[in-house]
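Peer 1: Have a look at this one.
The values are calculated or read from the model by the stated rules, or taken from the named source; none is laboratory data. These figures come from a predicted structure and were not determined experimentally. So basically every Cβ, Gly included, is an ideal-geometry build from the backbone, and we count neighbours across all protein chains shown. Calculation scope for accessible area: heavy atoms of the full protein, side chains included, ligands and nucleic acids excluded. Shrake-Rupley method; radii C 1.70, N 1.55, O 1.52, S 1.80 Å.
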Amino acid sequence: MDPEAFSIDPEGSRSLSLGCPVDYGTSAVKRRLDAFSRHWDLSGERLLDVGCGNGAYTTAMADGFGEVYGIDLEPHRLDVFRAQVQGDPKFHVAEGSAEHLEFPDDHFDVVTAIEVIEHVVDLDRALSEIHRVLRPGGAFLITCPNRLFPLETHTILLGSGREYSARGIPFLPYVKPLHRRLSTARNFTRRDLSGLAAGRGFRVEAWDWVMPPLDHWAPGRRQLRVVLDRLERSPLRIFGVSIVAALVKDPV
């Protein structure tokens, strides 16, 4: 990854990456959107997908909305998205950041951030902006890395400045100081997300967790998915790869 793609986490010296989008129609898309649908109706007049990337999640949510907006920082990802929806007036795709949303107040019924907030530099500013553009009673739906998942799914940066896969380092997410120093993305617990929502006009509607989608796992994938489906319906789901939050903007 280009070093210019990294930003510095204001909480410390961690370098935050921009992340990578998932492929269209994968299990990752289905699992995370199924989790949203368990707790909130994915429908309304307007949807905003923050950090939409190539639009793999955005297009899968589009049927329930009259207008669909997607913003992202990476133009080449947006080019892929535009090619997928070319000629469809429902879609509005633009370059932009979560910290500076160029939309009116109370504009969207649903705002989503799917595997995004771990990469946002000024998370406080982003949450304030999302709250501003969300209509009262609307939902902010989040998925993000779960600190209780024992494997780091993002890369790490070592002293040389080189980027490495962290999949061979088990339990790195459990060692918070070391994870903060090395990982190129944040991770979160339910308490973390509750703290972010508190005082910003959101109330927590629901929590959930998503097990690994295994889209790039070939051997035994079908059998493992059966096991993971069962785990996702059990108390052990709290160790899933992603934590899911449905936050609602309280009416004034």
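Peer 1: Leaving out ligands, DNA and RNA, what percent of the accessible area of segment 163-252 is carbon and sulfur, probe 1.4 Å? Let's see the in-between values first.
Peer 2: Values: 3100 of 5270 Å².
Ligands and nucleic acids excluded, carbon and sulfur reach 59 percent.
Peer 1: From the P(r) of segment 150-194, could you give the percentage of C-alpha pairs in the tail past 16 Å?
Peer 2: On the way: 329 of 990 pairs.
Tail fraction, whole percent: 33.
Peer 1: Let me ask something else. As an exercise, identify the GluC sites (Glu not before Pro) in segment 49-102 lying in DSSP coil whose Cβ has no more than 11 other Cβ atoms within 10 Å.
Peer 2: Numbers: sites: E67, E95, E99, E102; in loops: E99, E102.
Hits after loop and neighbour filter: E102.
Peer 1: Across 5 Å bins from 0, what is the distribution of all Cα-Cα pair distances for segment 169-230, in whole percents?
Peer 2: Histogramming segment 169-230 at 5 Å steps yields 3, 12, 16, 13, 19, 19, 12, 4, 2, 0 percent.
Peer 1: Using just the alpha carbons, could you tell me how many Å³ per residue the convex hull of segment 30-170 encloses?
Peer 2: Working: hull volume 19.2 nm³, N = 141.
With only Cα atoms used, segment 30-170 gives 136 Å³ per residue.
Peer 1: Based on alpha-carbon positions alone, could you give the equivalent ellipsoid semi-axes of the chain from the gyration tensor, as √(5λ), descending, whole Å? Mind showing how you got there, number by number?
Peer 2: Values: eigenvalues 139, 90, 78 Å².
Taking √(5λ) for each Cα gyration eigenvalue gives 26, 21, 20 Å.
Peer 1: Also: Tell me, what is the 1.4 Å probe accessible area of R31, in Å² to the nearest 10?
Peer 2: Accessible area, nearest 10 Å²: 20 Å².
Peer 1: Counting other Cβ atoms within 10 Å of each Cβ, which trypsin sites (Lys or Arg not before Pro) in segment 64-169 have at most 15 and sit in a DSSP loop? The partial results should precede the final answer.
Peer 2: Numbers: sites: R77, R82, K90, R125, R132, R147, R162, R167; in loops: K90, R147, R162, R167.
Answer in residue order: K90, R162, R167.
Peer 1: Further, regarding this structure: Aspartates and glutamates near K249 by alpha-carbon distance under 17 Å, same-chain residues fewer than 8 away left out - which ones?
Peer 2: D41, E45, D49, D105, D106, D109, D124, E129, E205
Peer 1: For a quick check of your reading of the filter: which chymotrypsin sites (Phe, Trp or Tyr not before Pro) in segment 139-186 sit in a DSSP loop and have no more than 15 other Cβ atoms within 10 Å? Intermediate values should be presented prior to the final figure.
Peer 2: Details: sites: F140, Y164, F171, Y174; in loops: F171.
Loop-located and lightly packed - F171.
Peer 1: Cβ under 13 Å from Y24's Cβ, Y24 left aside: what net charge do those residues give with Lys, Arg +1 and Asp, Glu -1?
Peer 2: Details: positive: K30, R77; negative: D23, D215.
Residues near Y24 contribute 0 overall.
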